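The structure appears below as C-alpha coordinates.
The values are calculated or read from the model by the stated rules, or taken from the named source; none is laboratory data. Only a predicted model underlies this, so the values are computations on that prediction, with no experimental measurement involved. Each accessible area value is taken on the protein alone, full model and side chains, heavy atoms only, with ligands, DNA and RNA left out. Shrake-Rupley method; radii C 1.70, N 1.55, O 1.52, S 1.80 Å.
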Amino acid sequence: MPNWGGGAKCAACEKTVYHAEEIQCNSRSFHKTCFICMSCRKGLDSTTVAAHESEIYCKSCYGKKYGPKGYGYGQGAGALSSDPPGQDADLQPQEDSKPRPASSNSSTNTKFSQKFGGSDRCPRCSKAVYAAEKVMGAGKPWHKTCFRCALCGKSLESTTVTDKDGELYCKVCYAKNFGPKGFGLGNAAMLEEHP
(Lines give C-alpha, C1' and ligand atoms only; values in the text may rest on other atoms or scores of the structure.)
Protein backbone atom coordinates (compact mmCIF):
# COMPACT_ATOMS: atom_id res chain seq x y z
CA MET A 1 0.00 0.00 0.00
CA PRO A 2 1.54 3.35 -0.99
CA ASN A 3 2.33 5.97 1.63
CA TRP A 4 0.50 9.00 0.17
CA GLY A 5 2.04 12.25 1.42
CA GLY A 6 3.32 10.62 4.57
CA GLY A 7 6.83 10.32 5.89
CA ALA A 8 8.82 8.29 8.34
CA LYS A 9 7.69 7.89 11.95
CA CYS A 10 9.42 9.98 14.63
CA ALA A 11 11.53 7.80 16.94
CA ALA A 12 10.45 9.93 19.94
CA CYS A 13 6.70 10.58 19.48
CA GLU A 14 5.93 7.97 16.76
CA LYS A 15 3.99 10.49 14.66
CA THR A 16 4.68 11.12 10.98
CA VAL A 17 7.77 13.21 10.23
CA TYR A 18 7.60 15.19 7.01
CA HIS A 19 10.78 16.00 5.13
CA ALA A 20 10.76 19.73 6.00
CA GLU A 21 10.81 18.99 9.75
CA GLU A 22 13.00 15.88 9.74
CA ILE A 23 16.31 15.36 11.54
CA GLN A 24 18.04 12.01 11.11
CA CYS A 25 20.28 10.32 13.66
CA ASN A 26 21.46 6.69 13.53
CA SER A 27 19.14 6.01 10.54
CA ARG A 28 16.14 7.14 12.58
CA SER A 29 13.94 10.18 11.95
CA PHE A 30 12.93 12.82 14.49
CA HIS A 31 10.87 16.01 14.46
CA LYS A 32 13.06 19.02 15.16
CA THR A 33 11.04 19.62 18.33
CA CYS A 34 11.45 15.95 19.42
CA PHE A 35 15.23 15.95 18.92
CA ILE A 36 15.97 16.49 22.63
CA CYS A 37 18.10 14.83 25.33
CA MET A 38 16.32 11.92 27.01
CA SER A 39 17.64 13.02 30.42
CA CYS A 40 17.66 16.82 30.65
CA ARG A 41 15.28 17.54 27.72
CA LYS A 42 17.69 20.09 26.20
CA GLY A 43 17.37 20.68 22.44
CA LEU A 44 20.01 18.90 20.36
CA ASP A 45 21.71 19.38 17.01
CA SER A 46 24.32 17.43 15.05
CA THR A 47 27.18 18.86 17.15
CA THR A 48 25.63 18.21 20.58
CA VAL A 49 23.96 14.81 20.12
CA ALA A 50 25.41 11.59 21.54
CA ALA A 51 23.47 8.48 20.55
CA HIS A 52 23.42 5.20 22.43
CA GLU A 53 21.51 2.45 20.63
CA SER A 54 17.96 3.85 20.32
CA GLU A 55 18.46 6.68 22.83
CA ILE A 56 19.75 10.22 22.25
CA TYR A 57 21.43 12.45 24.85
CA CYS A 58 23.34 15.69 25.09
CA LYS A 59 27.07 15.02 25.49
CA SER A 60 27.03 15.95 29.17
CA CYS A 61 24.23 13.52 30.09
CA TYR A 62 25.76 10.83 27.88
CA GLY A 63 29.08 11.23 29.71
CA LYS A 64 27.37 10.96 33.09
CA LYS A 65 25.47 7.83 32.09
CA TYR A 66 27.96 5.96 29.87
CA GLY A 67 31.34 7.69 30.31
CA PRO A 68 34.22 6.74 32.61
CA LYS A 69 33.26 6.50 36.28
CA GLY A 70 35.10 7.73 39.34
CA TYR A 71 36.04 10.90 41.16
CA GLY A 72 36.11 13.96 38.91
CA TYR A 73 33.94 12.56 36.09
CA GLY A 74 30.45 13.48 35.08
CA GLN A 75 30.81 17.14 34.20
CA GLY A 76 32.17 17.50 30.69
CA ALA A 77 33.17 13.89 30.28
CA GLY A 78 32.06 14.20 26.66
CA ALA A 79 30.53 11.63 24.44
CA LEU A 80 33.32 9.10 24.60
CA SER A 81 32.73 5.99 26.62
CA SER A 82 35.65 3.90 27.78
CA ASP A 83 33.75 0.94 29.17
CA PRO A 84 30.36 -0.52 28.37
CA PRO A 85 27.72 0.24 31.02
CA GLY A 86 27.92 -2.10 33.98
CA GLN A 87 31.68 -2.52 33.87
CA ASP A 88 33.57 -0.38 36.31
CA ALA A 89 37.33 0.21 36.07
CA ASP A 90 37.50 0.41 39.86
CA LEU A 91 36.65 -3.29 40.29
CA GLN A 92 40.32 -4.14 40.81
CA PRO A 93 41.27 -5.57 44.20
CA GLN A 94 42.92 -3.17 46.64
CA GLU A 95 46.20 -5.09 46.72
CA ASP A 96 46.55 -4.62 42.95
CA SER A 97 47.21 -0.90 43.40
CA LYS A 98 50.29 -1.61 45.55
CA PRO A 99 53.59 -2.54 43.91
CA ARG A 100 54.12 -6.29 43.90
CA PRO A 101 57.15 -8.39 43.15
CA ALA A 102 57.33 -9.66 39.58
CA SER A 103 55.41 -12.87 39.18
CA SER A 104 56.07 -15.65 36.73
CA ASN A 105 52.38 -15.75 35.74
CA SER A 106 52.26 -12.65 33.53
CA SER A 107 49.40 -14.00 31.38
CA THR A 108 47.00 -13.57 34.32
CA ASN A 109 47.91 -9.87 34.63
CA THR A 110 47.49 -9.35 30.89
CA LYS A 111 44.02 -10.96 30.86
CA PHE A 112 43.00 -8.94 33.93
CA SER A 113 44.19 -5.69 32.31
CA GLN A 114 42.37 -6.42 29.07
CA LYS A 115 39.12 -7.29 30.86
CA PHE A 116 39.03 -4.11 32.94
CA GLY A 117 40.66 -1.75 30.43
CA GLY A 118 43.51 -0.84 32.74
CA SER A 119 46.43 -1.45 30.39
CA ASP A 120 47.42 2.23 30.08
CA ARG A 121 48.52 3.64 33.43
CA CYS A 122 49.44 7.27 34.14
CA PRO A 123 53.06 7.51 35.37
CA ARG A 124 52.11 10.34 37.76
CA CYS A 125 49.12 8.82 39.62
CA SER A 126 49.29 5.16 38.47
CA LYS A 127 45.57 5.11 37.60
CA ALA A 128 44.04 3.92 34.31
CA VAL A 129 44.16 6.44 31.45
CA TYR A 130 41.15 6.37 29.13
CA ALA A 131 41.12 7.67 25.55
CA ALA A 132 39.00 10.73 26.41
CA GLU A 133 41.59 11.99 28.88
CA LYS A 134 44.85 10.72 27.35
CA VAL A 135 47.76 13.04 26.57
CA MET A 136 51.00 11.52 25.30
CA GLY A 137 54.32 12.79 26.63
CA ALA A 138 57.76 11.21 27.05
CA GLY A 139 56.38 8.18 25.20
CA LYS A 140 53.78 7.49 27.91
CA PRO A 141 50.03 8.14 28.36
CA TRP A 142 49.12 10.78 30.99
CA HIS A 143 45.84 12.18 32.32
CA LYS A 144 45.27 15.77 31.17
CA THR A 145 45.26 16.83 34.83
CA CYS A 146 48.54 14.97 35.53
CA PHE A 147 50.29 16.45 32.46
CA ARG A 148 52.20 18.97 34.61
CA CYS A 149 55.79 20.00 35.31
CA ALA A 150 57.34 17.68 37.92
CA LEU A 151 59.01 20.64 39.65
CA CYS A 152 56.71 23.68 39.53
CA GLY A 153 53.38 21.92 38.81
CA LYS A 154 52.58 24.16 35.82
CA SER A 155 50.07 22.65 33.37
CA LEU A 156 51.81 21.66 30.12
CA GLU A 157 50.91 21.44 26.44
CA SER A 158 52.66 19.80 23.51
CA THR A 159 54.46 23.09 22.77
CA THR A 160 55.66 23.71 26.33
CA VAL A 161 56.64 20.22 27.48
CA THR A 162 60.16 18.84 27.74
CA ASP A 163 61.09 15.47 29.20
CA LYS A 164 64.07 13.86 30.83
CA ASP A 165 64.27 10.26 32.05
CA GLY A 166 60.52 9.73 31.60
CA GLU A 167 59.48 12.78 33.67
CA LEU A 168 57.82 15.96 32.35
CA TYR A 169 59.12 19.51 32.86
CA CYS A 170 58.19 22.97 31.63
CA LYS A 171 60.90 24.59 29.51
CA VAL A 172 61.90 27.01 32.31
CA CYS A 173 62.40 24.30 34.95
CA TYR A 174 64.19 22.08 32.44
CA ALA A 175 66.61 24.87 31.51
CA LYS A 176 67.28 25.75 35.19
CA ASN A 177 67.94 22.17 36.24
CA PHE A 178 69.30 20.40 33.17
CA GLY A 179 70.46 23.15 30.83
CA PRO A 180 74.09 24.28 30.39
CA LYS A 181 75.73 25.63 33.52
CA GLY A 182 78.64 27.97 34.04
CA PHE A 183 79.72 31.59 34.04
CA GLY A 184 78.43 33.57 31.07
CA LEU A 185 75.66 31.23 29.97
CA GLY A 186 72.21 32.70 29.58
CA ASN A 187 73.13 36.39 29.82
CA ALA A 188 75.58 38.02 27.43
CA ALA A 189 76.28 40.84 29.93
CA MET A 190 77.88 38.37 32.32
CA LEU A 191 80.59 37.25 29.89
CA GLU A 192 84.08 37.70 31.23
CA GLU A 193 86.31 40.00 29.20
CA HIS A 194 89.99 39.07 28.71
CA PRO A 195 92.55 41.92 28.22
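Side notes on the structure shown:
- Residues with amide H under 5 Å from that of V129, placed H, sequence gap 5 or more: D120, R121, C122
- Exposure of T162 as accessible area (Å², to 10), given a probe of 1.4 Å and all protein chains: 30 Å²
- Solvent-accessible area of K9, all protein chains in place: 130 Å² (probe radius 1.4 Å, heavy atoms, ligands and nucleic acids excluded).
- Of V49, V17, the residue with the largest accessible area leads and the full order is V49, V17 (1.4 Å probe).
- Most to least accessible of L151, L168 (protein chains only, probe 1.4 Å): L151, L168
- Accessible-area order (highest first, 1.4 angstrom probe) of the listed residues R28, R124, R41: R41, R124, R28
- Computed accessible area, H31, all protein chains, 1.4 angstrom probe, square angstrom: 20 Å²
- Above-threshold pairs, the threshold being 32 Å between Cα atoms, out of K64/K154; K9/K144; K42/K154; K64/K171: K9/K144; K42/K154; K64/K171
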